[in-house]
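Asker: Dropping the structure in here first, questions after.
The values are calculated or read from the model by the stated rules, or taken from the named source; none is laboratory data. Fair warning: this is a prediction, and the values are worked out from it, not measured in the lab. In this analysis, Cβ positions are derived from the backbone assuming ideal geometry, glycine residues included, and neighbour counts consider all displayed protein chains.
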DNA sequence: CCGGATCCGTTTCGATACTG
DNA sequence: CAGTATCGAAACGGATCCGG
């Protein structure tokens with residue numbers, strides 16, 4: 001299984017997608033938790049990802065760190081605590097996640113359409129800007 | 001592993017994503033081949049997906065069909081040939097795929113930035129409309 | 001030949017138990 | 001709290017076989 005697949009468009013242009021991160025469900029869930037929620041620690045992912053095993057979580061966090069999508073840092077106050085944070089590269093995945101949430105809400109998930117989903121769909125650009133801004137703000141606080 | 005994961009946003013809204021299709025790399029490749037290229041048949045996916053085994057391909061196509069993302073139909077002229085086609089639900093994945101291609105081009109793939117990627121990024125809405133139109137046209141021809 | 005189905009050795013996953 | 005170790009179960013991939 002190659003990491004990214006490159007093929008020829010009929011017009012002759014390569015259309016490649018990186019698979020190793022999006023090709024895995026757990027990875028997606030972690031990125032989503034980091035992006036749209038306040039989850040930052042191992043334990044929070046454990047409860048939020050709903051059913052992920054500790055070894056899998058550990059492995060995926062390591063992969064994401066190696067891929068430059070998240071950074072890992074010990075809490076200066078509490079040395080036991082470890083915090084994860086999306087990098088700029090990781091935040092660039094926001095459009096993908098947003099589209100995915102919107103698609104899921106339309107076709108798969110039976111929940112009543114949440115206001116957040118409506119905003120994602122109707123004010124996409126604004127929503128993305130807002131998420132990015134919140135991320136930057138959090139960086140300064142830390 | 002649940003099919004879709006629903007959690008609470010800090011504002012109290014559920015943010016769910018369907019995982020069974022995007023969580024798998026092969027599935028994504030097949031959808032991409034269907035969407036952006038002319039690939040339609042089993043054999044074309046085999047060569048295009050670059051390295052997928054026949055049993056895996058068969059399984060993924062069946063899953064996609066069950067999920068209502070592709071349809072399967074025998075060629076009326078040549079009974080040996082089988083064609084696959086994206087449904088409307090499948091075409092709704094275009095935004096996700098486009099974002100993914102753009103992200104990959106920026107962060108992962110070393111290829112020179114293709115003109116198609118530029119168009120996806122700079123004229124996103126127009127590109128999506130164009131893809132959808134081509135899909136509709138193909139439906140009429142068949 | 002095309003479009004798969006089946007079998008099988010190998011790899012990976014994931015639940016639980018355990019450790020610092 | 002933040003992970004490792006272990007081990008059975010599942011998925012993968014390669015080859016081969018089969019029906020039209």
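Asker: Inspect the range A:45-67 for any residue being within 26 Å of residue B:110 (Cβ to Cβ), more than 11 Å from DNA strand D (Cβ to nearest atom) and out of contact with any helix residue (DSSP H, G or I) (no Cβ under 9 Å at 6 or more places or on another chain) and give the result as yes or no.
Answerer: yes
Each row is one residue, and each column tells you yes or no for (1) under 23 Å from residue B:24 (Cα atoms); (2) facing chain A (nearest Cβ under 7 Å).
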residue: B:91; (1), (2): yes, no
residue: B:95; (1), (2): yes, yes
residue: B:103; (1), (2): yes, yes
residue: B:107; (1), (2): yes, yes
residue: B:111; (1), (2): no, yes
residue: B:114; (1), (2): no, yes
residue: B:121; (1), (2): no, no
residue: B:129; (1), (2): no, no
residue: B:135; (1), (2): no, no
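Asker: Give the range B:18-41 a look and list any residue that's touching a helix residue (DSSP H, G or I) at 6+ places or on another chain (Cβ under 7 Å), in a helix (DSSP H, G or I) and facing chain A (nearest Cβ under 7 Å), or say none.
Answerer: B:32 - this is the single residue of the range B:18-41 that is touching a helix residue (DSSP H, G or I) at 6+ places or on another chain (Cβ under 7 Å), in a helix (DSSP H, G or I) and facing chain A (nearest Cβ under 7 Å).
Asker: Within the range A:68-110, can you find the residues that are out of contact with any helix residue (DSSP H, G or I) (no Cβ under 9 Å at 6 or more places or on another chain), in a strand (DSSP E or B) and more than 24 Å from residue B:107 (Cβ to Cβ)?
Answerer: Correct list: A:74 only.
Asker: Being within 9 Å of another protein chain (Cβ to nearest Cβ) and crowded, with 16+ Cβ neighbours inside 10 Å is the filter here, so list the residues in the range B:42-51 that pass it.
Answerer: Within the range B:42-51, B:48, B:49 meet the criteria.
Condition check ((1) part of a helix (DSSP H, G or I); (2) modelled with pLDDT under 95; (3) assigned by TED's automatic domain parsing to the domain that holds residue B:39) across all residues:
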position: B:59; (1), (2), (3): yes, no, yes
position: B:116; (1), (2), (3): yes, yes, no
position: B:125; (1), (2), (3): yes, no, no
position: B:137; (1), (2), (3): yes, yes, no
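Asker: Sticking with this one: Only one of these is more than 8 Å from every other protein chain (Cβ to nearest Cβ), within 16 Å of DNA strand C (Cβ to nearest atom) and either farther than 26 Å from residue A:28 by Cβ or surrounded by fewer than 19 Cβ atoms within 10 Å (Cβ to Cβ) (or both): B:82, B:70. Name it.
Answerer: Only one candidate passes the filter, namely B:82.
Asker: Residue by residue through the range B:45-67, note down the ones that are under 14 Å from the mean Cα position of the chain (by Cα) and more than 8 Å from DNA strand C (Cβ to nearest atom).
Answerer: Matches in the range B:45-67: B:45, B:48, B:49, B:60, B:63, B:64, B:65, B:67.
Asker: Given the conditions (1) in contact (Cβ under 8 Å) with a residue 40 or more places away in the chain; (2) under 19 Å from residue B:20 (Cα atoms), which single one is not true for residue A:109?
Answerer: (1)
Asker: Identify the single condition in (1) at pLDDT below 90; (2) closer than 28 Å to residue B:120 by Cβ; (3) within 13 Å of DNA strand D (Cβ to nearest atom) that residue A:77 does not satisfy, given that it satisfies every other one.
Answerer: Unmet condition: (2).
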